[in-house]
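Reviewing the structure listed below.
The values are calculated or read from the model by the stated rules, or taken from the named source; none is laboratory data. The model shown is predicted, which means the values in this text are computed figures rather than measured ones. Every residue, glycine among them, receives a Cβ derived from its backbone with ideal geometry; neighbour counts consider all protein chains shown. Ligands, DNA and RNA are stripped out before the accessible areas are found, and what is left, the full protein with its side chains, is counted by its heavy atoms. Shrake-Rupley method; radii C 1.70, N 1.55, O 1.52, S 1.80 Å.
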Amino acid sequence: MEKIKNFVSLLADKEHVVIISHVNPDGDAIGSATGMKKFLEANGKGVQVVVPNKYPQFLDFLDPDGRIIAYKDDMLRAETVLLSADMIICMDFNSLKRIDDLGLLVAKTKAPKILIDHHLQPEDSFDIIFSDPAASSTCEVAYYLIKGMREADGSLSPVNLDSGISFYTGLMTDTNNFANSVRPQTFRMACELLELGIDKEDVQFKVYSGFREERMRMMGYMLYENMKIFPDQKAGFMLITKELKEKFKFNDGDSEGFVNLALNISGVEVSALFTEADGYVKVSLRSKGDFSVNSMSRAFFNGGGHQRAAGGKIYIPVDEVEEYFLTSLEKYRHTICK
Ligand code: 5GP
Ligand code: MN
């Protein structure tokens, strides 16, 4: 509570708050950033959201006027906004490396930096840290933080419907539709948000039913032709090459959810999706049970994340990816079994 009081008093005289979230922003990144923005705006603050690159189209409904600045597309504006910020709130990431070049800019600014997040091991580049790795999502951390802020200062207005829709979206997407990392507080928050009047079917529809035909066909192809299952290694593997991206007119965000699919197969405890990009291969990992993909990603994939959902990047030719994955898996299991 002491920390929350410090935050509330630090925030009191601030006028230009910038909220930042991570590269390839997902539902929790955009949900937490816009949810917090709407809460702060309702309390008289001027707020801008800046992300390293554009969010996928299915999240348009959280930013209907297109106010979110993507650093990659509008560096000058992002810089101007950041340099005039009197507070920076970082959401849904734990290290400035997760915001690419934007991190260098943030490190240069003098404004106090607040972290609101749910990843393990946050780095100490922040002045105040609200991090709860047991929370389902950053939206959950932010929602309960706002409750605490209102206990500290009764004059603050509560989460309104608009802000609630944002927070509900992150809660829903980061838990894979309330399947993973949920705890009583998660459902309590969902209940309270529904009581605010959120139309959950509408959010559900906007997030999970706006796909293009090519995306659905690609999912079918990935399951039928592309996915490899290695029973001895208890592993599933998918690889999206540039050639496949072209074949299915791939857009950012199209592969959302693919990495979870192999985990539905009995006996599979770790699933990996590799996506060829310019100069690197993006890594996405999911697991069941005690297998920590966070540790594995830190050790072999230049990344990190959570116990059962993590990601990273590797810098090897695409045709070496499968072997690299299998070798890393073997080495990782060997180390943890020692
Ligand atoms: P996804 O597989 O959905 O891209 O990422 C799952 C989780 O892994 C994210 O929520 C994030 O915590 C983490 N993650 C993804 N990519 C990276 C990365 O390049 N570096 C680190 N440190 N974490 C990542
Ligand atoms: Mn998250």
Percentage of interatomic Cα-Cα distances in the chain larger than 27 Å: 45
For region 213-336, share of DSSP beta bridges that run antiparallel, in % to the nearest 5: 75
About the Cα centre, charge dipole magnitude for the chain (Lys/Arg +1, Asp/Glu -1 at Cβ), debye: 500
Charge dipole magnitude, Cβ of K and R +1, D and E -1 - region 213-336, Cα centre, debye nearest 20: 400
Net dipole in debye of region 32-169 [+1 Lys, Arg Cβ; -1 Asp, Glu Cβ; about Cα centre; nearest 20]: 160
Proximal aspartates and glutamates relative to Lys108, as straight alpha-carbon distance under 19 Å, when same-chain residues fewer than 8 apart are discounted: Asp74, Glu79, Asp86, Asp100, Glu123, Asp124, Asp127
Carbon + sulfur, % of accessible area of the chain - ligands and nucleic acids excluded, 1.4 Å: 50
Mean Cα-pair separation over length for the chain, i.e. relative contact order, pairs under 8 Å, 6 or more apart, %: 12
Amide H partners (placed H, <5 Å) of Cys90, local residues excluded: Ile20, Ile114, Leu115, Ile116
Local electrostatic count at Leu83 - Lys and Arg +1, Asp and Glu -1, tallied over other residues with Cβ under 10 Å: +1
Antiparallel content of DSSP bridges confined to the chain, in %, to 5: 40
Heavy-atom SASA rank of Val159, Val293 (probe 1.4 Å, accessible area, largest first): Val159, Val293
With Cα atoms, 0 to 90° folded angle of helix 2-12 axis to the chain main axis: 60
Volume per residue of the C-alpha convex hull in region 213-336, rounded to whole Å³: 98
